[in-house]
Amino acid sequence: MNQLTEEQIAQLSPDTASLAAGKGLAGTSKWVSFGYNERVLWGEIKGSGSTPYRSQIDLTNTAFKCSCPSRKFPCKHGLGLYLMFTRNFADFTKTENEPVWVKEWMDKRASKPATTEPKPEADVEIVAKQAKAKEKRQNKRLEEIAGGVAELDLWVKDLLRGGLLAFPEKGPQFWKKTAARMVDAKAPGLGNMVKEFQEINYFSGNTWQGEALQQATKIFMLLEGVKNIDALPTLVQEDVKSLIGISRNQKELLEDAAAEKIKDIWLVLGRQREVNDEDLTIQRDWLYGTQSKRFALILNFAYRSAPIQNLVVPGTATQAELVFYPGNYPLRAAIKMVGSNSTQFPVPEMFANWDAVQEYYTQILSKFPWADNIPLFVKDLLPVTHASKWHLRDSDGYIMPLPADFDIQKLYQILALSGGTSVHMSFLQQKDTVVPLGVWVEGKYKLI
């Protein structure tokens, strides 16, 4: 049985409102009945109708079900039940006698095959035709965005010709207008790269000049890649297509027999969730394979309040098979099969210091020069202040800065967990800063 922490349960919430409502339902007086055993947790709670809502949670392969009409997943009742179980475990009586409605759901889940059944091999001619049709579609898309590429190429050159000192004078609308033009040109990836100019702080210190030049260089390199795509190695071509917005269909990827697949026990290092200007929720789960020693990014999207299926739980070790999107530095993956998860979270092999990290990061950049948000581990890090900014200091005394906008509450959490001593940490390398995901304290992994 897995008993998640409050922090892990919070990571499963679809939004802050659902989590707040769930916390309000986490008292035993709110529930008509509740119980648990090694495989399942269940409860009944009074709703707006005459019949109580029935909520249940698979404790082995974390999953939720509730009879309420909410379109959010998990709903506030599932979150409240799990939070109550964590907070008031002593009030729960373990029993093997599951209610019929609980047993039916769990038995149905148990009857599903643990792995996906392999599809019969397709006819060679059919596969060849499909591959040719796909290539034709992608080539047509590249032709369609050629005008946008030429326009952005001229825009970047004019931008740099005007000099970096002119950048701060350009307001948000300047960047948004060009980004929107790239979306119209069917190259949303280029539009996103232009938008990153908006995120630069042009009025604090002198670091913005390097950031702006670096971003302009990345765009220029990508434009050169698009213009010369036929001369690039196959995997680099895949990178270029993905970056400009020609994404590969996930269903197609999962069915691709040639795609790289890895079965492993994956440590779910952390989750990031954000809502962009178009009301699109972007969820990133960062994983590490204990046997393959590979990092992976699981990327999911949802518009407005649409739910995102949570196949992995942050802070757990999950048996799963991942299929990696092709690329010269493959990081993004899709989940083909997921099994049981465990709260036992081993400490992986780590880099000794920041020098080792930078050497590794340089190797990645040689394969994928647009790399950003690279998950890594370093042992014995200590939060310190330098020049009125927070950094992480390694055992050799070298420091790496946290982002200027790093959440102050998360910083306090790191300080509390470290207690003035160094801790092993997982984080994301973002350009010249690092973003903590979690720390190991007394052998246990704590999410940040």
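Please get the size of the charge dipole for segment 272-392, origin at its Cα centre, with Cβ charges of +1 on Lys and Arg and -1 on Asp and Glu, quoted in debye to the nearest 20.
Working: 10 positive and 11 negative charges, 45 e Å.
That gives a dipole near 220 debye.
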Restricting to bridges with both residues inside segment 35-98, how much of the DSSP beta-bridge set is antiparallel, in percent to the nearest 5?
90 percent
For the chain, share of DSSP beta bridges that run antiparallel, in % to the nearest 5
95 percent
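State to the nearest 20 debye the size of the charge dipole of the chain about its Cα centre, where the only charges are +1 on K and R beta carbons and -1 on D and E beta carbons. Let's see the in-between values first.
Values: 54 positive and 52 negative charges, 212 e Å.
My answer is approximately 1020 debye.
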FRET E, pair S342, V100, Förster distance 35 Å, beta-carbon r, rounded to 0.05
0.75
Size of the chain as Cα extents on the principal axes (Å, biggest first)
73, 64, 43
Charge dipole (segment 1-91, unit charges on Cβ, about Cα centre) - positive-most of N88, L4, I57:
I57
Report Rg/Rh for segment 361-448, rounded to two decimals, where Rg is the Cα radius of gyration and Rh the Kirkwood radius.
0.97
Separation in nanometres of the label points that stand 7 Å from Cα toward Cβ, at Q409 and N276:
2.5 nm
Packing-based ranking, highest mean first, of 45-51, 174-180, 69-75 given that Cβ atoms within 10 Å are counted
69-75, 174-180, 45-51
Taking L154, L232, L59 and ranking on accessible area (1.4 Å, protein atoms only), highest first, one gets L154, L232, L59
Computed from every Cα-Cα pair in segment 163-230, P(r) in 10 Å bins starting at 0 and rounded to whole percents is 20, 50, 26, 5, 0
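Accessible area, 1.4 Å probe, largest first: how do H391, H424, H386 sort? Walk me through the numbers before you get to the answer.
On the way: H391 20, H424 55, H386 105 Å².
These residues rank, largest area first, as H386, H424, H391.
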Assigning unit charges at the beta carbon (Lys, Arg +1; Asp, Glu -1) and nothing else, what dipole magnitude in debye, to the nearest 20, does segment 261-337 show about its Cα centre?
360 debye
Coordinate range along principal axes, alpha carbons of segment 166-309, Å, largest first
51, 40, 30
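Once you have the alpha carbon radius of gyration of segment 387-437, what is it after dividing by 2.2 N^0.38 Å, with N set to its residue count? Working shown, then result.
Values: Rg = 10.6 Å, N = 51, 2.2 N^0.38 = 9.8 Å.
Normalised Cα radius of gyration, segment 387-437: 1.08.
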For the chain, modelled as a Gaussian network with Cα springs under 10 Å, which listed residue fluctuates most, E252, E96, E169?
E169
At 7 Å along the Cα-to-beta-carbon direction for both N139 and E38, put a label point, then send me their distance in nm to one decimal.
5.9 nm
Only residues of segment 364-384 count here: report those whose backbone N is under 18 Å from the spot 7 Å along Cα→Cβ of N228, or say none.
366-370
For the charge dipole of segment 249-292, defined by +1 on Lys and Arg C-beta atoms and -1 on Asp and Glu C-beta atoms about the Cα centroid, which residue among Y288, A257, Q272 has the Cα displaced farthest towards the positive pole?
Y288
Leading residue at positive end of dipole, the chain (Cβ point charges), from I200, G339, Q413:
G339
Helix 100-111 sits off the longest principal axis of the Cα atoms of the chain, rounded to the nearest 10 on a 0 to 90 degree scale, by 50 degrees
Would you look at the GNM of the chain, springs on alpha carbons closer than 10 Å, and say which of G78, G27, G315 moves the most?
G27
Probe of 1.4 angstrom, ligands and nucleic acids ignored: what's the accessible area per residue over segment 9-75, in square angstrom?
45 Å²
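The values are calculated or read from the model by the stated rules, or taken from the named source; none is laboratory data. Fair warning: this is a prediction, and the values are worked out from it, not measured in the lab. Every residue, glycine among them, receives a Cβ derived from its backbone with ideal geometry; neighbour counts consider all protein chains shown. Ligands, DNA and RNA are stripped out before the accessible areas are found, and what is left, the full protein with its side chains, is counted by its heavy atoms. Shrake-Rupley method; radii C 1.70, N 1.55, O 1.52, S 1.80 Å.
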